[in-house]
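Asks: Can you read through this structure? Questions will come right after.
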Amino acid sequence: MSGEEPQTDPCEECPALNLQRIVGFNGSVKNGLHLIEGKLTGDKSQTPSMMFPLGASCIIESMDRNVNKQHFFRGHSNPVSAIAVSPCGKFLASGQVTHMGYKATINVYTLVDRQPYATFTLHKVKIEALAFSCDSKLLYSLGGQDDGSVVVWDMEQKKSICASPCAPQTAGCIRVLAASHHDPFSFITAGDKSIRVWTADLKNRKLVPEDCNLGVLKRDVLSVSIDPQDKYLYCGTTTGDVLKINFETKLLVNTGPTKNLISLGIGELNGKLLIGSGNGDIAVLDSEKNYRRISSSSLPKNNAGGITSLVINENQIFVGTNANNVYRIPFCPKTLTMPGEPVLLKTCHKNDVNDVVFPANQNELFATAGVGDVRIWQTVTGKELRRIEVPNITCHALAFSPDGNSLVTAWSDGRLRAYLPVSGKLIYEVPHAHHLEATALAITNCNTTIISGGCEGAIRIWRIDLSNPAKPVVSLEETMKEHKCKVTTITLSKNNRECATSSEDGTCIMWDLATYKRSQMVMANTLFQCLVYNYEENQIVTSGTDRKIAYWETLDGSPIRELEGSMSGAINGMDITQDGHKFITGGDDKLVKVWDYDSGNVTHVGRGHSDRILKLKLSPDNKHLVSVSCDGAIAIWRL
């Protein structure tokens, strides 16, 4: 009996969907922001490019406004946890975090042709930090807390040379790795109660550590910077001071400043230190004069985040924060001052993006829902236009009113909130709209009726009295309770006389909005996640965790056909074109698929997401598609 042939995804040979732009930045990766010269990436532009991690990929994005280009470095199966660029500018190394008990891989790419160069696998669970030697012939890698080792890799032979446990038994977690500027065989590791200078003995294939003597001091080091002459190394600590250590003698020279400055990033600058703190402050300190503050600047305090990356580029400082923001600060190298205010260059959601919607008949902008905020974006450029913040709660669903005068949102505290899209001002609020979390929304064409769904399974109809536009009154019209679990989607028919709802209880229900009664119901052994009407509205298309795309008759609820929607993982988002000829799906397989409605075949596939796709939405003119994922990324596709 012959063995079964492995299943192959038929979508692999489909034409690629045109990815216009990805909006995203993972600021939680330490020193994850880099600037790359245009000639090193093969671009003709003289403007440097910005490189950063996002999900399981690394992205190089042109900073030239006239060049809208992004290059992707893929190959990881899990989120990137560390990146490094070689001093020669030829290589990019990235490491990932994986599940407990599994090996974490390191991928090396060439920057010019953007092709994989080598793959290294030795560490367990997580790659904490990476660094190249000064001659770019060696790569140093530091494992995470569950691995606890440091490894030296030969870039020419593409194999490991030697490895060693990175910390003494009395030390805690080691999280920092830095290479010498002049000695290709010397590097530094630092962390909780440990600062070590290592020498790689390649002939004997072993690593020789030497601990730095801090006397009675005990510090948890978060960042390390070595001066260009390899004379001193500076360590930023959790206690807010900087340790200056002699690189040769490994003895502590001094500490400072005396004022509380929580250091998270240190860059050496002409004998002066550039410090980034956990509360968003940037300062230049004079290490020769008791760490006197020469100049300083502060990021906006509204969720700017703690600083995790600092990059100096001539007369500018680029700052990356753990709130997934990138700022640019003007800088004068002669006077070491920062004369201007920080400018926000890049931002994105920090966690899951739960929903995305376009206003009716508006293609130029869209809105997204995330943890603690709602954001409005420009479609073409991906620029953030407005941010509406509600701290510590999650927005699950969005809906623009058809007249465009309000943006209604559903939140995890069970409330509905409506805002002015232009100013972000709160218009009205519906407290206790649902007993549990509010999870789904729809607004009728008359602008006076809201349909909401919650985690308890209730569908509620709300009437809006707009007789006083300055202070609308919202009242409960009806409650329809047949779902037993979370309502995931509410879709209205074109005439607004009925709606269809999907739920995680395995049912989809068609409701008559005149009588508020169920007109039909379909059931399947799945957790339904998405639902759309076809063009004639005599069928609905559903999908969920069983990876199947099902067509159903709305008249009697009978199944028509079933398609294999994905080779792996649930399908979480679905939308259909206005003419009904195509529909689009996205899910846990990280792929955006365009389907022909009649034939049931995939016509195009979009590859760009690095994590699970949660929702997607077509623009009203069907020329753009926006998909969002759980790593905070927003992908804008051109159809």
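Asks: Please list, or write none, the lysines whose alpha carbon is within less than 25 Å of the alpha carbon of Lys103, excluding same-chain residues fewer than 8 places away.
Replies: Lys30, Lys124, Lys126, Lys137, Lys158, Lys159, Lys206, Lys590
Asks: Here's something else I'd like to know. Taking K and R as +1 and D and E as -1, what net charge do the other residues with C-beta under 14 Å from the C-beta of Ala514 add up to?
Replies: Taking every Cβ under 14 Å from that of Ala514, the sum is -1.
Asks: While we're looking at this one, here's another question. Ranked by accessible surface with a 1.4 Å probe, highest first, in what order do Val112, Val353, Val97 come?
Replies: Val112, Val97, Val353
Asks: Counting each pair of different Cα atoms once, what's the Kirkwood radius of the range 255-380 in Å, rounded to one decimal?
Replies: The answer is 16.2 Å.
Asks: Sticking with this structure for a sec: Need the full-extension length gain, Tyr102 to Asn68, defined as separation in residues times 0.36 nm minus the C-alpha distance. One decimal, nm.
Replies: The Tyr102-Asn68 span can extend by a further 8.5 nm.
Asks: Based on a Kirkwood Rh over C-alpha pairs, give the Stokes-Einstein translational diffusion coefficient of the range 375-510 at 20 °C and viscosity 1.002 mPa s in µm²/s.
Replies: Stokes-Einstein gives a translational diffusion coefficient of 140 µm²/s.
Asks: Keeping every protein chain in place, order Arg114, Arg607 by accessible area at 1.4 Å, biggest value first, i.e. largest first.
Replies: Arg607, Arg114
Asks: Over the Cα atoms of the range 177-265, how large are the radius of gyration and the largest Cα-Cα distance (Dmax), in Å?
Replies: Values for the range 177-265 (Cα only, Rg and Dmax): 13.1, 47 Å.
Asks: Suppose each label sits 7 Å from its Cα in the direction of the beta carbon; what would the Glu537-Arg607 distance come out to in nanometres?
Replies: Placing both labels 7 Å beyond Cα along the Cβ direction yields 4.0 nm.
Asks: A follow-up question, please. Let's test the formula: R0 of 56 Å, r as the Cβ-Cβ distance of Met567 and Lys289. What FRET efficiency results, to the nearest 0.05?
Replies: The calculated FRET efficiency here is 0.35.
Asks: Got a number for the accessible area of Lys103? Probe 1.4 Å, square angstrom, nearest 10.
Replies: 100
Asks: In the range 129-246, carbon and sulfur make up what percent of the accessible area (probe 1.4 Å)?
Replies: Result for the range 129-246: 44 percent of the exposed heavy-atom area is carbon or sulfur.
Asks: Something else now. In debye, nearest 20, what is the charge dipole magnitude of the chain about its Cα centre with +1 on Lys and Arg Cβ and -1 on Asp and Glu Cβ, if you could check?
Replies: That gives the chain a dipole magnitude of about 1860 debye.
Asks: Of all accessible surface on the range 523-591 at a 1.4 Å probe, what whole percent is carbon and sulfur?
Replies: 48
Asks: Let me ask another. Not counting ligands, DNA or RNA, and with a 1.4 Å probe, what is Ser149's accessible surface area in Å² rounded to the nearest 10?
Replies: Looks like 20 Å² after rounding.
Asks: For labels at Ser298 and Thr121 in the simple 7 Å Cα→Cβ model, what's the distance in nm?
Replies: Taking the two extended label points, one gets 4.9 nm.
Asks: To continue, here is another question. Hey, if you put +1 on the Cβ of every Lys and Arg and -1 on every Asp and Glu Cβ in the chain, which of Gly608, Ile459, Ser619 ends up farthest toward the positive end of that dipole?
Replies: Of the candidates, Gly608 comes out farthest on the positive side.
Asks: So, how do all the Cα-to-Cα distances of the chain break down into 10 Å bins, in percent, from 0 on up?
Replies: The calculated distribution, bin by bin, is 3, 15, 23, 22, 17, 12, 6, 2, 0.
Asks: Could you tell me the distance between the Cα centroids of the range 131-168 and the range 485-535, to the nearest Å?
Replies: 55
Asks: How big is the convex hull of the Cα atoms of the range 500-628, per residue, in Å³?
Replies: Output value, Cα hull per residue: 107 Å³.
Asks: Please give, to one decimal in nm, the separation of the simple spin-label points placed at Ile560 and Arg387, each 7 Å out from Cα toward the Cβ.
Replies: 4.4
Asks: For Val208 and Lys334, FRET efficiency with R0 = 35 Å and r from the beta-carbon atoms, rounded to 0.05?
Replies: Calculated transfer efficiency: 0.25.
Asks: Still on this structure, please answer the following. If you average the sequence gap of Cα pairs under 8 Å that are 6 or more apart and divide by the length of the chain, what percent do you get for the contact order?
Replies: Once normalised by length, the contact order is 9 percent.
Asks: Something else about it: Roughly how far apart, in whole Å, are the Cα centres of the range 560-607 and the range 332-361?
Replies: Distance between centres, Cα-based: 33 Å.
Asks: Now for a different question. What does the extension gain come out to for Thr515 and Asn279, with contour length at 0.36 nm per residue minus their alpha carbon separation?
Replies: Gain in length upon complete extension: 79.4 nm.
Asks: Kirkwood hydrodynamic radius, the range 344-409, all distinct C-alpha pairs: what's the number in Å?
Replies: Mean inverse Cα-Cα distance, inverted, gives 12.1 Å.
Asks: Gln316 to Gln229: extension gain in nm, 0.36 nm per residue of separation minus the Cα-Cα distance?
Replies: Stretched fully, the Gln316-Gln229 segment lengthens by 29.0 nm.
Asks: Here's a follow-up. Tell me the accessible surface of Lys383 in square angstrom (1.4 angstrom probe, heavy atoms of protein chains only), to the nearest ten.
Replies: We get 120 Å² for Lys383.
The values are calculated or read from the model by the stated rules, or taken from the named source; none is laboratory data. Here the structure is a predicted model, which means the values were calculated and not measured. Positions of Cβ are backbone-derived with ideal geometry, glycine not excepted, and every protein chain shown enters the neighbour counts. To get the accessible areas, we keep the full protein, side chains included, count just its heavy atoms, and leave off ligands, DNA and RNA. Shrake-Rupley method; radii C 1.70, N 1.55, O 1.52, S 1.80 Å.
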